[in-house]
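Reading through the structure tokens given below for one structure.
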Amino acid sequence: MKNHLIDLNDFSKSQWDEIINLGEKIMDNPHIYEASCRGKIMGTLFYEPSTRTQMSFQSAMLRLGGGIIGFDNPTASSVMKGESLKDTTKTVSGYSDIMVMRHPVAGSVKAAALTADCPIINAGDGGHLHPTQTLTDMLTLQKEKGRLTTLKIGICGDLKYGRTVHSLVKALSCYEGNSFVFISTEELQMPSYITESLEKWHKADSLDEIIGELDVLYMTRIQKERFTSVDEYEKQASRYILDMEKLSKGKRDLIVLHPLPRLNEIAIEVDDDPRSLYFKQANYGMYVRMALILIILNYDIKPPVLLRGGVRAGIRCENPKCILQTETHLEHSFIECDGVLTCEYCETRKMYPI
Ligand code: CP
């Protein structure tokens with residue numbers, strides 16, 4: 001068993017706390033850890049653009065004394081010659097002690113983990129999950145609010161394709177007393193597979209009506225790259241914009257977070273308000289990734305259990321954004337929970353008879 005991180009739920013809640021607490025310790029005394037990964041190599045495979053996740057991981061490994069290899073432009077690798085995900089990741093895992101991968105297709109990192117020879121960390125798989133952003137957000141809440149419990153969290157923007165918010169809501173719902181307000185258009189609502197497991201949540205149409213009640217406002221970008229047409233994207237863009245007029249209705253101890261990059265959903269004028277913590281949040285990301293690398297490589301932890309499903313006669317996953325559509329060696333495998341079948345890779349529930 002390898003210590004992959006595909007979905008935060010593969011780790012136990014006490015392991016999340018361990019990572020966050022270690023992140024805080026590293027932040028306070030970074031010099032203590034500066035040779036902790038000497039001689040280790042991290043492979044970073046970024047099939048999709050990234051600034052923060054890629055560079056914070058690279059910076060994290062360098063600050064721990066390790067080295068890095070990898071690509072951030074697959075067209076400059078043998079992917080361009082048609083190499084499969086399985087073959088690329090299997091090969092790079094032989095050169096690396098740990099791999100970090102971002103890919104535009106849901107379930108891709110799990111698919112890679114099945115044959116990789118070293119631990120692999122999910123740095124974002126399509127519109128599905130982004131667990132290390134969630135660890136970043138949790139460390140930010142721990143540092144800035146002093147707790148991960150009893151928070152009223154408003155999440156605004158693209159809740160349908162926003163992988164960062166899916167992971168965040170799943171994680172924070174495991175802590176006592178948190179409640180959620182989902183602020184989005186009808187078209188970009190939070191998927192039902194997330195809301196079904198929540199106890200305290202409701203929807204809101206406008207930021208104005210709800211901002212005064214929140215402890216945390218988590219803004220997100222409308223992601224053009226997830227829409228099938230520019231028309232559909234333009235109908236959704238610019239619907240929610242946080243400006244000083246709206247922020248003035250927020251509590252004095254409200255904090256505003258955003259995974260970044262932003263477009264126009266937070267006006268530039270908001271950056272100077274002390275409640276705006278999104279750049280600090282990006283910085284916390286490096287420390288929590290240092291902690292994660294250390295724990296995966298150097299600490300004797302109980303490996304997370306990768307949930308495996310099974311083939312069901314007569315059905316296949318038809319999500320066009322699932323890795324099963326391109327990695328054809330993989331079986332269409334499903335996990336059953338409370339009588340409901342979900343695709344093992346992308347968690348979609350839409351399956352069609354063969
Ligand atoms: N938050 C985040 O994932 O940013 P990047 O896309 O720049 O990595």
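Taking only pairs six or more apart or across chains, which ones have beta-carbon atoms under 8 Å, a first residue in the stretch 305-321 that is touching a residue at least 12 places away in the same chain (Cβ under 8 Å), and a second residue that is of a type in the set (K, R) and open to solvent by 90 Å² or more (accessible area, probe 1.4 Å)?
Every condition considered, the pairs that remain are C317/K350; E318/K350; N319/K350.
Does Y218 satisfy the criteria of being without any contact (Cβ under 8 Å) to a residue 24 or more places away in the chain, within 22 Å of E48 (Cβ to Cβ) and open to solvent by less than 80 Å² (accessible area, probe 1.4 Å)? Show your work before the answer.
Details: without any contact (Cβ under 8 Å) to a residue 24 or more places away in the chain: no; within 22 Å of E48 (Cβ to Cβ): yes; open to solvent by less than 80 Å² (accessible area, probe 1.4 Å): yes.
It is false that Y218 is without any contact (Cβ under 8 Å) to a residue 24 or more places away in the chain, within 22 Å of E48 (Cβ to Cβ) and open to solvent by less than 80 Å² (accessible area, probe 1.4 Å).
Have a look at G82, G65, G70, G43 and point out the one that is farther than 28 Å from L168 by Cα and either of a type in the set (D, E, K, R) or modelled with pLDDT of 95 or more (or both).
Working: G82 fails: either of a type in the set (D, E, K, R) or modelled with pLDDT of 95 or more (or both); G70 fails: farther than 28 Å from L168 by Cα; G43 fails: farther than 28 Å from L168 by Cα.
Testing whether each residue is farther than 28 Å from L168 by Cα and either of a type in the set (D, E, K, R) or modelled with pLDDT of 95 or more (or both) leaves just G65.
Out of the residues in the stretch 160-173 that are part of a loop (DSSP other than H, G, I, E, B) and away from the ligand (no atom under 16 Å from the Cβ), which is most open to solvent (accessible area, probe 1.4 Å)?
K160
From L277, L263, which residue is open to solvent by 60 Å² or more (accessible area, probe 1.4 Å), among the hydrophobic types (A, V, I, L, M, F, W, C) and within 16 Å of the ligand (Cβ to nearest atom)?
Exactly one of L277, L263 is open to solvent by 60 Å² or more (accessible area, probe 1.4 Å), among the hydrophobic types (A, V, I, L, M, F, W, C) and within 16 Å of the ligand (Cβ to nearest atom), namely L263.
Out of E48, E18, which single residue is surrounded by 15 or more Cβ atoms within 10 Å (Cβ to Cβ), out of contact with any strand residue (DSSP E or B) (no Cβ under 9 Å at 6 or more places or on another chain) and acidic (D, E)?
E18
Among the listed residues E234, E187, E176, E209, identify the single one that is touching a helix residue (DSSP H, G or I) at 6+ places or on another chain (Cβ under 7 Å) and exposed (fewer than 14 other Cβ atoms within 10 Å of the Cβ).
On inspection, the qualifying residue turns out to be E187.
Which members of the stretch 217-259 meet the condition of being within 16 Å of the ligand (Cβ to nearest atom) and aliphatic (A, V, I, L, M)?
M219, I222, V256, L257
For K152, are the conditions met, namely being in contact (Cβ under 8 Å) with a residue 12 or more places away in the chain and over 20 Å from A282 (Cβ atoms)?
Judged against the criteria, K152 is a match.
For the stretch 66-87, check the following and say yes or no: at least one residue is open to solvent by less than 20 Å² (accessible area, probe 1.4 Å) and of a type in the set (S, T, N, Q).
Checked against the condition, which is being open to solvent by less than 20 Å² (accessible area, probe 1.4 Å) and of a type in the set (S, T, N, Q), the stretch 66-87 yields no hits at all.
Could you please give the count of residues in the stretch 25-42 that are in a loop (DSSP other than H, G, I, E, B) and surrounded by 17 or more Cβ atoms within 10 Å (Cβ to Cβ)?
Residues flagged as in a loop (DSSP other than H, G, I, E, B) and surrounded by 17 or more Cβ atoms within 10 Å (Cβ to Cβ) within the stretch 25-42 amount to 3.
Against the definition (within 17 Å of the chain's Cα centre (by Cα), modelled with pLDDT of 95 or more and more than 14 Å from the ligand (Cβ to nearest atom)), how does I20 come out, yes or no?
Judged against the criteria, I20 is a match.
For the stretch 190-206, enumerate the residues that are open to solvent by less than 40 Å² (accessible area, probe 1.4 Å) and under 22 Å from the mean Cα position of the chain (by Cα).
Result: M190, P191, I194, T195, L198.
Going by what's in this entry, would G39 be described as away from the ligand (no atom under 16 Å from the Cβ), on the phi > 0 side of the Ramachandran plot and in contact (Cβ under 8 Å) with a residue 12 or more places away in the chain?
For G39, the condition - away from the ligand (no atom under 16 Å from the Cβ), on the phi > 0 side of the Ramachandran plot and in contact (Cβ under 8 Å) with a residue 12 or more places away in the chain - is met.
Restricting attention to the stretch 98-117, which residues are surrounded by fewer than 22 Cβ atoms within 10 Å (Cβ to Cβ) and in contact with a helix residue (DSSP H, G or I) (Cβ under 6 Å, 6 or more places away or on another chain)?
Across the stretch 98-117, the qualifying residues are T115, D117.
Take the conditions open to solvent by 10 Å² or more (accessible area, probe 1.4 Å) and either in contact with a Cys (Cβ under 8 Å, 6 or more places away or on another chain) or closer than 14 Å to E48 by Cβ (or both) and apply them to G127. Does it pass?
yes
Look at T150 and say whether it is in contact with a Gly (Cβ under 9 Å, 6 or more places away or on another chain), more than 14 Å from the ligand (Cβ to nearest atom), of a type in the set (S, T, N, Q) and assigned to a loop (DSSP other than H, G, I, E, B).
Answer is yes for this residue.
Here is a list: I211, I194, I241. Which entry is in contact with a strand residue (DSSP E or B) (Cβ under 8 Å, 6 or more places away or on another chain) and within 29 Å of D17 (Cα to Cα)?
Just a single option satisfies the conditions, and that option is I211.
The values are calculated or read from the model by the stated rules, or taken from the named source; none is laboratory data. Everything numeric in this text was worked out from a predicted model, so none of it was measured. Here Cβ is always computed from backbone atoms with ideal geometry, including for glycine, and neighbour counts include all displayed protein chains. When the accessible area is computed, the model is the full protein with side chains, heavy atoms only, and any ligands, DNA or RNA have been set aside. Shrake-Rupley method; radii C 1.70, N 1.55, O 1.52, S 1.80 Å.
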